[in-house]
Structure formats: structure tokens, C-alpha cells
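Notes follow the structure.
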Amino acid sequence: MTKINLAIIGLGYVGLPLAVEFGKKRPVAGFDINAKRIAELRAGHDHTLETEPDELKAARHLSFTTNLDDLRACNCFIVTVPTPVDDHKRPDLRPLIGASETVGKVLKAGDIVIYESTVYPGCTEEDCVPVLERVSGLKYKQDFFCGYSPERINPGDKEHRVTNIRKVTSGSTPEIADRVDALYNEIVTAGTHKAGSIRVAEAAKVIENTQRDLNIALINELAVIFNKLGIDTEAVLQAAGSKWNFLPFRPGLVGGHCIGVDPYYLTHKAEAIGYHPQIILAGRRLNDGMGAYVVGQLVKAMTKKRIQVGGARILVMGLTFKENCPDLRNTRVVDIVAELKEYHCQVDVYDPWVAPEEAQREYGITPIAQPSPGTYDGIILAVAHQKFRDMGAAAIAGLAKVSHVLYDIKSILPVEAGAIRL
């Protein structure tokens, strides 16, 4: 059996932790087209904070490169590039196709290409394989082979890491499936689940987050209903949660690299084969509308307090898509900011986790360094960062004027704080 010489294509939130774990055990070429990213990693720093400097140092067999020639000695390529959606909620496969073209330029007879990017069922073999064949001049399942092992990275989570989350694996032939499975078992202590085909593995990944999206949509809709009934949603969920099999979902904004994106990949494929999904898209519409709902509730509360909405100073606390990490991918906090500006509010965004230049580049938003006390007509607690929890209700309210509205999306403040809760 040929010895595996491994390359990881794409060194973001998914690729780098994977490369580091393999790099502790075997030679790995970590490839990324972003020269700044490669320079940062060579200097021992990861701006995503997913990998600590000592972890990078421990991966002594890992090298970083932007040079395609450094991949020519490799015979197994793991592709870990993003799979976003475009402005029309359609799958944007350009990063995936670009990575496949890169691999195709160095692909040789006998090589294996494993994809980790979240896609719809069939994408690996229907979209990526033709690119590999075209660029390399080789034939699939004859000259080269593929595998699919979906990522299960949870940004900011220091407990659930790549090594202790069970990994789904698959391959284009039974022999390749065994090789892919054995490769991941080198680093995944939680074990693997070998799927019967690449399409099964692709489908398993895309429904993981579709299920979560729908569960959150249900809770968001319940929050809207309870709000109209004058009932505290968090109190209801705590009471219901006393039953052993009640699922502990909470209302909120649904963004990020997976939950707010993956369902669109599945519905795109479903529509391509002539089926129009109803439940999945209904959940997506509801979750995508939560930013506007929050602002509508804030404006209503401000009006009741006779606070002038036009020109009001509003502080949005948090910009990342989840707490305690710098990840801005597909954050839906931007929906709140955009909606507030529709009401001609003056909006400040404060998030100590965010690099201001990245927020400006991605969304045209420059977070402030520090909010000033006694400044704001309204405050929206959008992300449950621990720093915001530690500030406490009094300090947060102290940032506002005497007459103000405080909206606590994540229910991190006690009920007696008097905040509106989702």
C-alpha cells in the first residue's frame, strides 16, 4: 500500500486544526492562497484563535506554503475551503471549484482527494470530480479517487475539538473508503463512522445543521407568540426543560458558517430535482427575519417611552455570529444594524472579540473601541460574550441615557434588569 503524503488545502477554521493534528503525527503540507495567512501561521499565530501557539509548535511535521510546487510530492489532498451562499441564497461553489482546479494541477495517478466542505448530496462527484478530470487529464475511479469526510468544527468551542468529535468518512470505492477511514482514525480519538457512499456522507452533514436550523426556527416562532401573549419565553423554556426529553434550544439570530447556510445547499439540490421544500424554507425565512423583528420590537418600546427613533443613538453589543470567538462569517447581527439604519438611527457596534479591519472589510462596519457611559437611547445585547455577562446589568444600563430601552436577545441579564427579551 502506497504511503500517504498529505496536503491540507485551505487553512481556515476547519483546515488549520486538522492540519495541526495530523502535523503532530506525520508530514503535512498546509496550503492556502492567502499569503498573509501563511505568514501569520509561520510566525506561530492564528488570528481565528482556534489553535493556540503551543499547539502550532507541537505540530512539528507541519509546513505552510502558498507554492503549488510544494504539493507535487503529495498524493492525498484534503480540501477544507468555505462553501458560502451568494446574495440570492444560492450555493457559491467558487472556492470549492478553485480548490479543485488547484489540486487538479498536481494530481497524479493513484492520488486521493478528500473533501470536507459542506455541500449538497452529489456535489463531490457531480461538480468537483469533473474539474479534477478536466485539469489533470486523469479519469475518476480509474486514475484517481475521492473521499468525503464532513467537517464538524464548532468555532470557539475548546471542549469539542477535531480529535474528540466522531468523524463521518467515505470513499469512492470500498478500498478507498477503508483508506480514508484509517487516515482519520490516526487523529480522531472519538472514532469514525464509515458511510456507505460519498452521497450518504454529504447528505448526513447537510441535515445535521438543517435539523438545528428548524429547531431554532420553532423556538423563534414560539418567542414571537409568547411575546404577543405577554409571557417570558425564557421562563417557559426553563419550565418545559424540566422534562427529560425536551430539547434545549433557545431563540436568537441564526448565522455562522453552517446553520444559516447549509439548508440552502439542500434546498438548492431538492429544487434541481423538481421538489420544492416547504418546511426547510419556512424555517429559513423565519430565522432570516429575526433581525428585523428585534428592531421592530425595540422601536415599538422606544415609541412607548416617547423616545425619538429618528436620530436615536443605539448601541449594538456583539457582532460575531456566536459568543466568545472572533468568527464573523454570515453573522446576522448585520441585519439588526441595517434595519436600525433604515429608521435613521445612529448605530455604534461594540465587540471586543472582533478585528475592526475585518468587520470593515466584510460588512462596512467599524466597531467602536469602547462605548461611552450615558450615551445611548437604546442598547441591544446581540451576542452572549462572557465579557458582557461579567459587566452585569448595572454597568450595561449605565451606558444608556436615563430614559432608554434595553433589548437582551440572549437573555443573559436577570429578569429584574427590566430588559426586553426575545
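General observations
- Label-point gap, in nm, between residue 175 and residue 229 - each point 7 angstrom along Cα→Cβ: 6.2
- One Cα centroid belongs to the range 1-36, the other to the range 89-117; the line between them spans 15 Å.
- Structural descriptor for the range 331-416: relative contact order 25 percent, calculated from alpha carbon pairs under 8 angstrom and at least 6 residues apart.
- When the Cα atoms of the range 241-346 are aligned to their principal axes, the ranges along those axes come out at 51, 39, 30 Å in descending order.
- Contact order normalised by residue count of the range 289-378, Cα under 8 Å, 6+ apart, percent: 33
- Whole-angstrom Cα spans of the range 281-419 along principal axes, big to small: 35, 33, 28
- Over the range 204-255: Kirkwood hydrodynamic radius from C-alpha pairwise inverse distances, Å: 11.9
- If you take the Cα centroid of the range 354-422 and the Cα centroid of the range 154-196, the two points sit 40 Å apart.
- At 0.692 mPa s and 37 °C, Stokes diffusion of the range 296-344 via Kirkwood alpha-carbon radius, µm² per second: 271
- Here the sum of -39500 (n - 2.57) over DSSP H runs of 4 or more residues, divided by the residues of the chain, equals -11500 deg cm²/dmol at 222 nm, to the nearest 500.
- Accessible surface of the range 87-145, 1.4 Å probe, proportion on carbon and sulfur as whole %: 46
- Given charges at Cβ of Lys, Arg, Asp, Glu: the range 38-155 dipole, positive-most of 77, 109, 91: 109
- Across the chain, the longest piece that holds none of the chymotrypsin sites (Phe, Trp or Tyr not before Pro) lying in DSSP loops with up to 10 other C-beta atoms within 10 Å covers 1-243.
- Dmax and Rg, reported as Rg then Dmax, of the range 10-66 (C-alpha, Å): 9.7, 26
- Average Cα contact separation per residue, the chain, under 8 Å, 6 or more apart, as relative contact order %: 11
- Placing a pseudo-label 7 Å from each Cα along the Cα-to-Cβ vector at residue 281 and residue 416 gives an inter-label distance of 4.9 nm.
- Summed over the residues of the range 332-389 and divided among them, the accessible surface reaches 47 Å² per residue at a probe radius of 1.4 Å.
- Over the chain, all Cα pairs binned in 10 Å intervals from 0 give whole-percent P(r) values of 4, 20, 28, 23, 15, 7, 2, 0, listed from short to long.
- In the chain, taking the dipole from charged Cβ atoms about the Cα centre, the farthest positive-side position among 267, 391, 254 is held by 391.
- Length released on extending from residue 240 to residue 308, taking residue separation times 0.36 nm less the Cα-Cα span: 20.6 nm
- Span from the the range 286-330 Cα centroid across to the the range 224-250 one, whole angstrom: 22
- The simple Förster model, with R0 at 60 Å and r as the Cβ-Cβ distance, assigns residue 200 and residue 394 a FRET efficiency of 0.65.
- Förster radius 51 Å - calculated FRET efficiency between residue 271 and residue 366, Cβ distance, rounded to 0.05: 0.85
- Label separation (residue 157 vs residue 66): 3.3 nm, computed from points 7 Å beyond Cα along the C-beta direction.
- Estimated at 0.36 nm per residue, the fully extended path between residue 25 and residue 4 surpasses their Cα-Cα distance by 6.3 nm.
- Hydrodynamic estimate: the Kirkwood radius of the range 1-156 over Cα pairs, inserted into Stokes-Einstein at 20 °C and 1.002 mPa s, corresponds to D of 135 µm²/s.
The values are calculated or read from the model by the stated rules, or taken from the named source; none is laboratory data. In this text, all values refer to a predicted model and were calculated from it rather than measured experimentally. Ideal geometry is used to build each Cβ from the backbone, glycine not excepted, and the neighbour counts take in all protein chains shown. Just the protein is used for accessible areas: all its heavy atoms, side chains included, with ligands, DNA and RNA removed. Shrake-Rupley method; radii C 1.70, N 1.55, O 1.52, S 1.80 Å.
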